[in-house]
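Just below is one structure, and these are the notes that go with it.
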Amino acid sequence: MNELTISVAMCTFNGKRFLGAQLESIRSQSRTPDEVVICDDGSSDGSLELIREFACRARFPTRLLINERNLGSTKNFEQAISLCQSKIVALADQDDVWYPQKLEQIDNTFAQSRSIALAFSDADMIDDNTRLVGLRLWSTFSFNRSEQNEFANGHALKVLVKHPVVTGATMAFRRELFDLATPIPEGHIHDAWISFLLAAFGPFRLISEPLMQYRQHGAQQMGPGPFSLRQQMARARNTRADSYLDQTERFRQLDERLELHEDKFPNAVCARNEIKRKVSHLEHRARLPGGMISRIPKVVREAFKGNYWRYSSGWKSIAKDLMIR
């Protein structure tokens, strides 16, 4: 008998337009969940009726909690995960579509080793009308083959300190580890916070096969990276000193959590050292002088250290720091 149990943690808020398709895709899984926990953030568009109808038809327990006040995405997911009772928790957004084998693949992955802390997959991108747009999710934030190999070789922290690549809607993790990640501080996105901390605990597994369709639409709170050169240039212009300082604060909070539970995170020392170097690099970028000529020697020194490649986007970041302020 399979000892693994899987909970699905979903958060909803006025998502009726796409919610029905997502719920149906969860109901149709080849490996059904052992429970579904849905926390609604005060929907008024008919989402609750869809969820209640789903709960009546589902072959597995479904719990619905309606928040008395709006918590926002991160705190709502924190709440939903905390209510899950299975050994594995898979996160679900309200506007995606899962392929039938998603939970079966997750089950098979965690069954391979008790040491696996977290698993995540790629996804096919779809638009408002559920049409494939010809892109995979990983490609939209430059999670390339080299970085995938780093994960496969047990070096997830090396990638995650550079940029977040684990999208919440694609990930599943061991429920027992979540207590080390809570509470999630204000200003953090739940998937980036959880994935970084769990990378300091144990190995991840990548599932390169897309296990779901990830919807890109105008109403979503968070989404993948910029696609076109114009979008990338616009993001570069909007990334200023305060953006880097905000990032330093988030990394310092990660460091504080790792220090608090250092005896429970096997890779805490490595993670904290990487955070220290990342913060130093971010502070360098935040404090560059205004004139391009005066920036050149500082940027060159940081480039010779290799930090633009280890903690930013290499030549793109160098060009940004020299030409865009």
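The values are calculated or read from the model by the stated rules, or taken from the named source; none is laboratory data. Owing to the predicted nature of the structure, the values given are computational and were not obtained by experimental measurement. Because the Cβ atoms are built from the backbone with ideal geometry, glycine has one as well, and the counts that use them run over all protein chains shown.
Side notes on the structure shown:
- Each residue in segment 127-169 was checked for being without any contact (Cβ under 8 Å) to a residue 12 or more places away in the chain and under 16 Å from F204 (Cα atoms), and 6 pass.
- Some residue of segment 8-29 being free of Cβ contacts under 8 Å to residues at least 40 places away in the same chain, in contact with a helix residue (DSSP H, G or I) (Cβ under 8 Å, 6 or more places away or on another chain) and hydrophobic (A, V, I, L, M, F, W, C): yes
- Listed by position, the helices (runs of 4 or more DSSP H) inside segment 1-115 whose residues that are closer than 25 Å to F265 by Cα and of a type outside the set (F, W, Y) number at least 3 are 73-83, 102-111.
- Within segment 236-325, helices (runs of 4 or more DSSP H) holding 2 or more residues that are closer than 30 Å to T182 by Cβ: 241-260, 268-286, 307-311
- In segment 30-54, the residues that are in contact with a Lys or Arg (Cβ under 9 Å, 6 or more places away or on another chain), more than 19 Å from Q85 (Cβ to Cβ) and hydroxyl-bearing (S, T, Y): S30, S43, S47
- Residue in segment 129-137 that is hydrophobic (A, V, I, L, M, F, W, C), crowded, with 22+ Cβ neighbours inside 10 Å and at pLDDT 95 or above present: yes
- Considering residues of segment 156-181 that are farther than 21 Å from K316 by Cβ and among the charged types (D, E, K, R) only, the residue surrounded by the most Cβ atoms within 10 Å (Cβ to Cβ): R174
- Counting the residues of segment 253-265 that are loosely packed, with under 13 Cβ neighbours inside 10 Å and in contact (Cβ under 8 Å) with a residue 12 or more places away in the chain gives 1.
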